[in-house]
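Visitor: The following block contains the structure, expressed as structure tokens.
The values are calculated or read from the model by the stated rules, or taken from the named source; none is laboratory data. Predicted model only: the values in this text are computed from it and were never measured. Note that each Cβ is placed from the backbone with ideal geometry, even for glycine, and that neighbours are counted across all protein chains shown. Keep in mind that these areas ignore ligands, DNA and RNA; they rest on the heavy atoms of the full protein, side chains included. Shrake-Rupley method; radii C 1.70, N 1.55, O 1.52, S 1.80 Å.
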Amino acid sequence: MKNVVALLALAGGCASALAQGYPNKPIRLVVGFAPGGAADIISRAMSDPLTRALGQGIIVDNKPGAGSSLAVDFVAKATPDGYTIMIASQSGMIVNPLVNKSVTYDTQRDFTAITQVTSSPLVVAVNPSLPVNSIRELIAEAKKNPGKLNFSTSGNGSLPHLATALFDALAGIDMVHIPYKSGGLSVQSVLAGDTQVTFATAPSVMPLVQAGRLRGLAVTTRGRSALIASLPGMEEAGLANYNLSIWYGFFAPAGVPPNIVKRVFDATVQALKDARLKEVLARDGTEAVASRSPEDFAAFLREEASVIARVIRESGAKFE
């Protein structure tokens, strides 16, 4: 028994020493999508202020595939030493485990929640060749041509997929889902005319809307967003019961020492106060938002999972 106690004390001492010396080498920030999507844009915008706050470099590592599930699975199995963290949204951490039977990870069991980092509405955008200029006209066009309009997303089970499936269910229409490996590729498909509609993250779509290469119809929150004031909210646009926004947060593998979690949390909160970062995010309709604590973020995730499960169940949204 004494030997067991001694071993536990030694392990605790090693973890404490590891945490005190953290970080002493660059930190890998895993992104579950290809370059060009919102998660990638946010990660690269945060890398400089986060490097300054931590005193070590941030290496952005893109691992696209399966609606971010490949990256999530990779991080779940990484060594829990704080040198591999992940940026993810509710699509990878909540929606995928709910709708994808092949997903084997459990967010609460396999990850340590660190903090939320951003929040923003999605933007409904269409190829300019589509003869619609509003949400009402999009619904009318889809009803006139059932099964003929294609919508692109960043992957099966992604939040944009949930957003569009919910839209279809509430509007009583049937658009065809075309999944891609990233938000960037999804938006490019609408630009090329391969698909006609996308519910996309603001950083990946708003520059193209502002340049006139895509037509923005609305944001997915009930009311207008101060960050994207040029587009109506869903209530104004004609679908009053629709309300959805996307957030990104930082996660680490389960078992990371609490001291290290606190160090990353504090550094992230400091980085999110950077004026230049806020300017870059706001320009594309994204707000920097930090949780009050890692525990607060974990509680938020539990509540969000309950809400999304109810939305999927009550809307009848399909994810095959």
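Visitor: Taking amide H positions as placed in the peptide plane 1.01 Å from N, state which residues far from VAL31 in sequence (5 or more) or on other chains have amide H under 5 Å from it.
Guide: Counting only residues 5 or more places away or on other chains, the set is ASP61, ASN62, LYS63.
Visitor: Right, another one. May I ask for the angle, rounded to the nearest 10°, between helix 183-192 and the longest principal axis of the chain, with both axes built from Cα atoms and the value confined to 0 to 90°?
Guide: Helix 183-192 sits roughly 20 degrees off the main axis of the chain.
Visitor: Taking the chain as a Gaussian network, where each spring joins two C-alpha atoms under 10 Å apart, which residue of GLY184, GLY249, GLY21 fluctuates the most?
Guide: GLY21
Visitor: Here's another thing I want to ask about it. Taking the Cβ of PRO128 as the centre, find all other residues whose Cβ is under 10 Å away and add up their charges (Lys, Arg: +1; Asp, Glu: -1). Each step should come with its number before you reach the end.
Guide: Numbers: positive: ARG213, ARG215; negative: none.
That sum, taken over residues with Cβ under 10 Å, equals +2.
Visitor: Calculate the spin-label point distance for ARG276 paired with ALA192, positioning each point 7 Å from the Cα along the beta-carbon direction, and give it in nanometres.
Guide: Rounded to a tenth, the inter-label distance reads 3.5 nm.
Visitor: If you don't mind, there's one more thing I want to ask. Rolling a 1.4 angstrom probe over the protein heavy atoms, how many square angstrom per residue are accessible across the chain?
Guide: Details: 13770 Å² over 320 residues.
That works out to 43 Å² per residue.
Visitor: A follow-up question, please. For the chain, which whole-number percentage of the solvent-accessible area (1.4 Å probe, protein heavy atoms only) is attributable to carbon and sulfur atoms?
Guide: It is 53 percent, rounded to a whole number.
Visitor: Hey, another quick one. Subtract the Cα-Cα distance of ASP61 and GLU235 from 0.36 nm times their separation in residues, and report this length gain in nm to one decimal. Present the calculation step by step, with values, prior to reporting the outcome.
Guide: Working: separation 174, 0.36 × 174 = 62.64 nm, distance 3.84 nm.
Using 0.36 nm per residue and subtracting the Cα-Cα distance, I get 58.8 nm.
Visitor: Okay, next question. How would you order 272-280, 111-119, 220-228 from highest to lowest mean count of nearby Cβ atoms within 10 Å? If you can, show how the numbers build up before the last one.
Guide: On the way: 272-280: 15.0, 111-119: 23.4, 220-228: 18.4.
Those peptides, ordered most packed to least, come out 111-119, 220-228, 272-280.
Visitor: In the set [x] 16.5; [y] 18.0; [z] 22.3, which value of mean projected area of the Cα convex hull in nm² was calculated from the structure you see?
Guide: Computed from these coordinates, mean projected area of the Cα convex hull in nm² corresponds to label [x].
Visitor: State the extension gain, in nm to one decimal, for the chain segment bounded by ASN100 and ARG283, taking 0.36 nm per residue of separation less the distance between their alpha-carbons. Before the final figure, lay out the partial values.
Guide: Details: separation 183, 0.36 × 183 = 65.88 nm, distance 3.37 nm.
Taking ASN100 through ARG283 to full extension adds about 62.5 nm, to one decimal.
Visitor: Next question. In debye, nearest 20, what is the charge dipole magnitude of the stretch 85-229 about its Cα centre with +1 on Lys and Arg Cβ and -1 on Asp and Glu Cβ, if you could check? Walk me through the numbers before you get to the answer.
Guide: Numbers: 11 positive and 7 negative charges, 51 e Å.
That gives the stretch 85-229 a dipole magnitude of about 240 debye.
Visitor: Sticking with this structure for a sec: Just to confirm the number: angle between the C-alpha axis of helix 38-54 and the first principal axis of the chain, 0 to 90 degrees, nearest 10?
Guide: Tilt relative to the chain: about 30 degrees.
Visitor: Right, here's the next one. Report, ordered by chain and residue number, the lysines lying within cross-link reach of LYS262, taken as a straight Cα distance under 22 Å and ignoring same-chain residues fewer than 8 apart.
Guide: Here the lysines satisfying the reach criterion relative to LYS262 are LYS25, LYS77, LYS273.
Visitor: Where does the chain land at 222 nm, in deg cm²/dmol rounded to the nearest 500, when only DSSP H runs of n ≥ 4 count, each adding -39500 (n - 2.57), divided by all residues?
Guide: Calculated at 222 nm, the ellipticity per residue is -13500 deg cm²/dmol.
Visitor: Let me check I've understood the local charge: for ALA202, count other residues with C-beta under 11 angstrom from its C-beta, Lys and Arg +1, Asp and Glu -1. What total comes out? Walk me through the intermediate numbers first.
Guide: Values: positive: ARG283; negative: ASP284, GLU287.
Here the count lands on -1.
Visitor: By how many degrees, 0 to 90 and rounded to 10, does the Cα axis of helix 294-315 deviate from the longest principal axis of the chain?
Guide: 30 degrees
Visitor: Tell me the net charge near LEU231. Cut-off is 12 Å between Cβ atoms, LEU231 excluded, with +1 for each Lys or Arg and -1 for each Asp or Glu. Walk me through the intermediate numbers first.
Guide: Numbers: positive: ARG215, ARG224; negative: GLU236.
That sum, taken over residues with Cβ under 12 Å, equals +1.
Visitor: Related question: Testing the spin-label approximation: label points 7 Å from Cα along Cα→Cβ at ALA254 and ASN145. State their distance in nm.
Guide: If labels sit at ALA254 and ASN145, their model points lie 4.8 nm apart.
Visitor: Output the relative contact order of the chain, whole-number percent, from Cα pairs under 8 angstrom with separation of 6+ residues. Show your work: numbers first, answer last.
Guide: Values: 681 pairs, mean separation 82.8, N = 320.
With pairs under 8 Å counted, the relative contact order is 26 percent.
Visitor: If you plug each phi of the stretch 83-91 into the Karplus form 6.51 cos²θ - 1.76 cosθ + 1.60 with θ = phi - 60°, what whole-Hz ³J(HN,Hα) values come out, in order, with x for Gly and Pro?
Guide: Residue by residue, the stretch 83-91 yields 9, 10, 10, 9, 9, 8, 10, 5, 5 Hz.
Visitor: Rounded to the nearest 5, what is the percent of antiparallel bridges among the DSSP beta bridges in the chain? Mind dumping the intermediate values first?
Guide: Values: 24 of 39 bridges.
Of all bridge pairs located within the chain, approximately 60 percent are antiparallel.
Visitor: Calculated FRET efficiency, THR51 and LYS262, Cβ-Cβ r, R0 22 Å, to nearest 0.05? Provide the component values of the computation, followed by the final result.
Guide: Details: r = 18 Å, r/R0 = 0.84.
The pair THR51/LYS262 has a calculated efficiency of 0.75.
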